[in-house]
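What follows is one structure encoded as structure tokens, with my remarks underneath.
Read-outs: derived from the displayed coordinates by stated rules, not from any lab. No experiment lies behind these values; they were computed from the predicted model shown. Heads up, the Cβs are rebuilt from the backbone with ideal geometry, glycines too, and the neighbour counts pull from every protein chain shown.
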Amino acid sequence: MTRTLAQRINSLSPSTTLAITAKAKEMKDSGIDVIGLGAGEPDYNTPNNIIEAAYQSMKDGQTKYTPAGGLPALKDAVIDKLKTDQGLQYARNEIIIGIGAKHVLYTLFQVMINPNDEVIIPSPYWVSYPEQVKLAGGFPVHIEGTAATDFKVTAEQIRQVITPKTKAIIINSPGNPTGMIYSARELEEIAAICKEYDLWIISDEIYEKLIYGNEKHVSIAQLNEDAKQRTFIINGVSKSHSMTGWRIGYLAGDAKVVRAMTDLASHSTSNPTTTSQYAAIEAYSGSQETVTSMREDFESRLIRIYPQLKAIPGFEVLKPQGAFYLLPDVSEACEKTGFKNVDDFAQALLTKANVAVIPGSSFGSPNTIRLSYATSIELLEEAVRRIHKFVEDNWQA
Ligand code: PMP
Ligand code: GLU
């Protein structure tokens with residue numbers, strides 16, 4: 001047997017977030033009135049000043065390769081952003097620009113993980129973390145954040161799963177799919193454990209700008225110098241500036257790791273798209289007005305839709321503090337409507353109620369479904385109405 005796939009790919013499952021989004025779009029294109037609450041992407045167009053800057057850069061002849069790790073001017077814009085927003089100081093050799101935060105994370109795992117190294121991933125988690133760890137030859141080790149602890153994990157839970165093979169922990173705050181935010185105190189306890197066992201910290205802060213009510217975003221790297229030295233901040237323009245299609249993300253952290261990631265990029269992707277990098281420079285250095293207005297818009301959608309979702313029989317839902325997802329526990333609704341599991345329930349919502357959601361099993365949270373509220377309030381209300389009706393119509397007393 002020579003014409004076979006590599007072993008590392010055999011156990012890989014496709015990204016359900018992307019697959020369900022594509023399926024909903026396909027149904028829509030074929031004339032079915034589907035409302036897609038699967039996609040985790042802002043529904044606004046990229047702000048005009050950013051589009052104009054990209055266009056101008058092309059007209060100015062900036063259409064060639066850049067350094068593999070990104071344009072120095074974009075690294076400088078990221079450095080300024082980290083200084084302004086987090087009060088953190090980084091040098092250029094501690095920053096790499098990549099093809100979206102997803103690819104930055106992928107490259108990080110490739111240079112960090114040895115066979116059988118363990119990475120602690122709190123659940124519910126974003127779908128790509130475990131797959132990326134496995135692709136690098138590592139083992140994802142899950143610890144569960146439950147509704148009782150706002151889906152967050154404690155330092156004590158982390159301690160219990162640390163072994164000599166543990167290399168890193170992922171902290172994603174505000175979290176996808178939970179929308180929950182770790183407080184400075186919670187992060188301090190986590191940072192102390194990471195210091196005690198000398199672990200890397202991967203801090204995915206892609207939803208940093210999407211925070212509601214009186215909540216605040218604290219990066220674990222801000223806590224103290226030791227925490228900063230062992231943390232990789234991952235962020236990008238996809239969510240904050242509605243730029244998912246431009247594919248620009250970055251990492252800030254240890255210079256030798258950044259060097260290794262840059263070397264890997266130099267043999268795999270070369271630089272992220274030049275035009276997108278110029279767009280990202282404008283995103284970080286230009287007006288931040290649209291970042292604020294998009295945030296406000298998301299918050300008003302949340303305020304409107306949360307009580308309506310909560311009112312669905314058999315749905316238990318916590319109010320998220322950030323990002324743009326709701327994660328109801330639907331186990332009772334699922335049982336009362338006669339479905340054997342939440343995957344089947346979510347599938348029926350798509351085919352019978354014409355609403356696309358992501359089953360929580362993709363996030364290590366099998367009793368839940370994830371709804372993205374990054375869509376218009378009219379569509380959101382109609383989607384929740386459809387789900388409500390579906391549950392009531394199928395309820396078996
Ligand atoms: N991290 C999390 C938690 C996300 O939800 C996403 C969104 N896909 C990403 C990283 C990657 O974002 P992007 O690759 O678009 O920068
Ligand atoms: N982060 C988004 C989501 O979770 C986009 C899709 C993806 O990259 O997985 O839906």
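What order do you get for 248-258, 154-164 when each peptide is scored by the mean count of other beta carbon atoms within 10 Å, highest first? Can you show the working numbers first?
Working: 248-258: 22.1, 154-164: 13.5.
By packing density, highest mean first, the sequence is 248-258, 154-164.
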Q. Given the convex hull of the Cα atoms of the range 1-134, what is a quarter of its surface area in nm²?
A. 14.1
Q) Distance from the Cα centre of the range 71-92 to that of the range 297-327, in angstrom? A) 34
Q) Say each of S183 and K352 gets a label point 7 Å from the Cα, pointing the same way as Cα to Cβ; how far apart are those two points in nm? A) 4.2
Q. If amide H atoms are built 1.01 Å from N in the plane of the peptide, which residues on other chains or at least 5 residues away come under 5 Å of the amide H of T166?
A. E118
Q: Report the relative contact order of the chain, percent, no decimals, based on alpha-carbon pairs under 8 angstrom and at least 6 residues apart.
A: 23
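Could you list H103, H241 so that the one with the fewest beta carbons within 10 Å of its beta carbon is first and the one with the most is last?
Working: H103 19, H241 26.
Exposure proxy ranking, most exposed first: H103, H241.
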(Q) Less than 20 Å from a label point 7 Å out along the Cα-to-Cβ axis of K216: which backbone N atoms in the range 62-104 qualify, by residue? (A) 81-89
Q) Which far-off residues, 5 or more places away or on another chain, put their amide H under 5 Å from the one on E144, with H placed in the peptide plane? A) S123
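Could you sort the peptides 302-309, 206-213 by per-residue average Cβ neighbour count (10 Å cutoff), highest mean leading? Provide the component values of the computation, followed by the final result.
Details: 302-309: 16.5, 206-213: 21.0.
For the peptides 302-309, 206-213, the packing ranking is 206-213, 302-309.
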Q | Percent RCO, i.e. relative contact order, over the range 205-364, from Cα pairs under 8 Å lying at least 6 residues apart | A | 18
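For the chain, give the magnitude of the charge dipole about the Cα centre (Cβ charges: +1 Lys/Arg, -1 Asp/Glu; no others), in debye to the nearest 20.
Values: 39 positive and 46 negative charges, 170 e Å.
Magnitude of the dipole: close to 820 debye.
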Q.
Taking amide H atoms as placed 1.01 Å from N in the peptide plane, list the residues 5 or more away in sequence, or in a different chain, whose amide H sits under 5 Å from that of T231.
A. I201
Q) So for T368, T66, fewest C-beta neighbours within 10 Å to most, what's the order? A) T66, T368
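R3 to E381: FRET efficiency via 1/(1 + (r/R0)^6), r the Cβ-Cβ distance, R0 51 Å, to the nearest 0.05? Display every interim value, and only then the final one.
Details: r = 52 Å, r/R0 = 1.01.
After rounding to 0.05, the efficiency reads 0.50.
Where a ≥ b ≥ c are the square roots of the eigenvalues of the C-alpha gyration tensor, would you call the range 60-123 rounded, which needs a/c under 1.5, or, failing that, prolate if a/b is larger than b/c, or oblate?
Details: a/c = 2.57, a/b = 1.47, b/c = 1.75.
Oblate.
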Q: Once you've got the Cα coordinates, tell me which of K152/K209; K83/K228; K152/K389; K23/K310; K195/K239; K102/K209 are over 23 Å apart.
A: K152/K389; K23/K310; K195/K239
Q: Starting with the fewest neighbours, write out L82, L326 ranked by other beta-carbon atoms found within 10 Å of each beta-carbon.
A: L82, L326
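Dividing the alpha-carbon radius of gyration of the chain by 2.2 N^0.38 Å (N being the number of residues), what value is obtained? List each step's numbers first, then the result.
Numbers: Rg = 21.1 Å, N = 397, 2.2 N^0.38 = 21.4 Å.
It is 0.99.
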Q | Backbone HN-Hα couplings from phi across the range 227-242 [Karplus 6.51/-1.76/1.60, Hz, Gly and Pro as x] | A | 4, 4, 4, 9, 9, 10, 7, 10, 7, x, 8, 3, 8, 5, 10, 6
